[in-house]
Amino acid sequence: MTDLFSKFDPLIQQREGLLATGQKDPFSLVMEEVKSPTVAICNGKETILLGTYNYMGMTFDDDVLAAGKKAMDEFGAGTTGSRVLNGTFFHHRDVENALKEFYAMDHAMVFSTGYQANLGIISTIAGKGDYIILDIDSHASIYDGCKMGDAEIVAFRHNDVEALEKRLKRLPAEAGKLVVLEGVYSMLGDVAPLKEMIRISKEAGAMILVDEAHSMGFIGENGRGVAEEQGVLDDVDFVIGTFSKSVGTVGGFCVSNHPKFEILRLVCRPYVFTAALPPSVMASSAASIRKLMHNGNKRAHLWENSKTLHKGLRDLGFRLGTESPQSAIIAVIMPDLERGAAMWQALLENGLYVNLARPPATPAGMTLLRCSLCAEHSSEQVQDILARFERAGKAVGII
Amino acid sequence: MTDRSEMYDRLKGLIEPFNKKGVEISETTTFAGDLEWDSLTVMDFVAEVEDSFDIVISMNMQAEIENVGQLVDAVGKLTA
């Protein structure tokens, strides 16, 4: 018998090798208690959270909690069904209405996760004979959506406008085309040149999907994302987003002005063949989205935090993923996986949690310590974070 | 046949700058196994081939191309 697990042996060996050096497993951390959007207890120690994507700190917002509790009391713990059967409650419609208000768009469709939103929309709208043109550094959910569908997949170099343009021009003029972009790329925290890319995509007759998972609630005048910031939101056919970042709950969505959009509810398999989210999650999400529309001050503070952390880390001598802060993600580039894991552990021992990101999730085979800031991080906390980075960096010998 | 051997020579020329290990190239040379290219190198090389022939090699097609001979055939088809 061939052991189907033998294909995982190289990874198992790499993991065992790393753990044998006394390194803690960076992928099995437990939050024993969560005190606030920015503080938790890990390994019995109070830890500042700097790797949660909880950009706007809505997880403990009073109104968000109250809405969820009320819905749970009134509608029960779960839906036990698909959105197209028994799983659409008042709150599912309400959160879709909140999204339409938030983006000022005609249609909104809520999925159980952001992953499923990309999986469902991409695999459903691009079919046999169509082309999907995507950035090579696209998120796994985008690639998996491509894999699940029947379209031809064409990749172009990360954020390279000319590479996109060349490929669009080489495709058959009459073929259906979907260009898939992200507002903020989550590994390095860099922003896409959407304005240029969307212009050339439109000229080539392509439809455009932009994943704004990491920009919603924070970037753009109304927090609608990078497309809003660059003044091109009206030219985007589909915006994909998630509730598990700025919104502070869980769920995914697609908003669009396409006149036939609603048909997707019947043909999109990751929407149809899974259970709808619990009413409490939907009610919390709706409350959060409506609050995020009026959060100018929090957005300003988050930008301040991002700038302070970026400059501070640079001044300490760390190598960063972007020249300037472009989002609420600051990626610190590690020399290799071993020292990256050691630095991650040293930070944790200093009471600071960041994400350790490694290939294949990262571009160019990099090991990254990815920091995501929160609007609820105080200015003092950011200084504290920098002090902990300095201590850990010196202990591990990276700076 | 001359067309094919011309194509082979041209692609061999494009492979050379990426052939850091100085592997002897033949029709059966594999990109992942013999040349030990990682996904980044593959991407750069594919872009180079696409630009040289003004074609698009979709990821669906790339998945089927494991060795130099298969690449020659695929580019031949795309430029036919």
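Does segment A:81-95 include one or more residues that are out of contact with any strand residue (DSSP E or B) (no Cβ under 7 Å at 6 or more places or on another chain), within 14 Å of chain B (Cβ to nearest Cβ) and surrounded by fewer than 17 Cβ atoms within 10 Å (Cβ to Cβ)?
Among the residues of segment A:81-95, not one is out of contact with any strand residue (DSSP E or B) (no Cβ under 7 Å at 6 or more places or on another chain), within 14 Å of chain B (Cβ to nearest Cβ) and surrounded by fewer than 17 Cβ atoms within 10 Å (Cβ to Cβ), which makes the answer no.
Filter segment A:96-128 for residues that are out of contact with any strand residue (DSSP E or B) (no Cβ under 8 Å at 6 or more places or on another chain), small (Gly, Ala, Ser) and farther than 23 Å from A:Arg224 by Cβ and give the result.
Those that are out of contact with any strand residue (DSSP E or B) (no Cβ under 8 Å at 6 or more places or on another chain), small (Gly, Ala, Ser) and farther than 23 Å from A:Arg224 by Cβ: A:Ser123, A:Gly127.
Please verify whether A:Ala331 is assigned to a helix (DSSP H, G or I) and either surrounded by 21 or more Cβ atoms within 10 Å (Cβ to Cβ) or of a type in the set (Val, Ile, Thr) (or both), treating the condition exactly as stated.
no
Which count do you get for residues in segment A:133-190 that are of a type in the set (A, V, I, L, M, F, W, C) and part of a loop (DSSP other than H, G, I, E, B)?
Total satisfying the criteria: 7.
For every residue, the table says whether it meets (1) farther than 22 Å from A:Met216 by Cβ; (2) part of a loop (DSSP other than H, G, I, E, B); (3) in the same structural domain as A:Glu338 (by TED's automatic domain parsing).
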position: A:Phe8; (1), (2), (3): yes, no, no
position: A:Leu29; (1), (2), (3): yes, yes, yes
position: A:Thr47; (1), (2), (3): yes, no, yes
position: A:Lys69; (1), (2), (3): yes, no, no
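Please specify each residue of segment B:31-60 satisfying the condition of being among the charged types (D, E, K, R), surrounded by fewer than 18 Cβ atoms within 10 Å (Cβ to Cβ) and at the interface with another protein chain (Cβ under 10 Å from one of its Cβ atoms).
Listed by number, the residues that qualify are B:Asp38, B:Asp44, B:Asp51, B:Asp54.
Given the structure, is A:Asn305 in a helix (DSSP H, G or I), among the polar types (S, T, N, Q) and under 30 Å from A:Asn97 (Cβ atoms)?
Criteria not met by A:Asn305.
In the list A:Glu152, A:Glu203, A:Glu182, which residue meets the criterion of being within 14 Å of chain B (Cβ to nearest Cβ), modelled with pLDDT of 95 or more and within 21 Å of A:Asp130 (Cα to Cα)?
Step by step, each of A:Glu152, A:Glu203, A:Glu182 is checked, and only A:Glu152 is within 14 Å of chain B (Cβ to nearest Cβ), modelled with pLDDT of 95 or more and within 21 Å of A:Asp130 (Cα to Cα).
Among the residues of segment A:134-175, which ones are in contact with a strand residue (DSSP E or B) (Cβ under 7 Å, 6 or more places away or on another chain) and among the aromatic types (Phe, Trp, Tyr)?
If the condition is that a residue be in contact with a strand residue (DSSP E or B) (Cβ under 7 Å, 6 or more places away or on another chain) and among the aromatic types (Phe, Trp, Tyr), then A:Phe156 is the only one that fits.
Any residue in segment A:188-212 that is surrounded by 24 or more Cβ atoms within 10 Å (Cβ to Cβ) sitting within a Cβ distance under 7 Å of a residue that is part of a loop (DSSP other than H, G, I, E, B) and of a type in the set (Ser, Thr, Tyr)? List the pairs, counting only those 6 or more apart or interchain.
A:Leu188/A:Thr322; A:Gly189/A:Thr322; A:Gly189/A:Ser327
Take the residues of segment B:1-20 that are part of a loop (DSSP other than H, G, I, E, B) and at pLDDT 90 or above: which is nearest to the other protein chains (Cβ to nearest Cβ)?
Among them, the one singled out is B:Lys20.
Return the residues of segment A:155-178 that are touching a residue at least 40 places away in the same chain (Cβ under 8 Å) and either at the interface with chain B (Cβ under 9 Å from one of its Cβ atoms) or out of contact with any Phe, Trp or Tyr (no Cβ under 9 Å at 6 or more places or on another chain) (or both); say none if nothing qualifies.
A:Leu171
Within segment A:210-232, track down each residue that is farther than 18 Å from A:Gly252 by Cβ and touching an Asp or Glu at 6+ places or on another chain (Cβ under 6 Å).
A:Ile219, A:Gly220
Any residue in segment A:123-136 that's more than 12 Å from A:Lys147 (Cβ to Cβ) and away from chain B (no Cβ under 12 Å): show its pairings with residues that are in a helix (DSSP H, G or I) and among the hydroxyl-bearing types (Ser, Thr, Tyr) at Cβ separation under 9 Å, as long as the two are six or more apart or on different chains.
A:Thr124/A:Tyr271
Only one of A:Glu338, A:Glu390 is buried (at least 16 other Cβ atoms within 10 Å of the Cβ) and touching a residue at least 12 places away in the same chain (Cβ under 8 Å); which?
Testing whether each residue is buried (at least 16 other Cβ atoms within 10 Å of the Cβ) and touching a residue at least 12 places away in the same chain (Cβ under 8 Å) leaves just A:Glu390.
Which one is surrounded by the fewest Cβ atoms within 10 Å (Cβ to Cβ), of the residues in segment A:348-376 that are out of contact with any Leu (no Cβ under 8 Å at 6 or more places or on another chain) and part of a loop (DSSP other than H, G, I, E, B)?
Ranking the candidates gives A:Pro360 first.
Need the failing condition index for A:Ile240 against (1) out of contact with any strand residue (DSSP E or B) (no Cβ under 6 Å at 6 or more places or on another chain); (2) assigned to a strand (DSSP E or B), just the number.
The number of the failed condition is (1).
The values are calculated or read from the model by the stated rules, or taken from the named source; none is laboratory data. Note that the structure is predicted; figures quoted are calculated from it, not measured. Cβ atoms come from the backbone with ideal geometry, glycine included; neighbour counts cover every protein chain shown.
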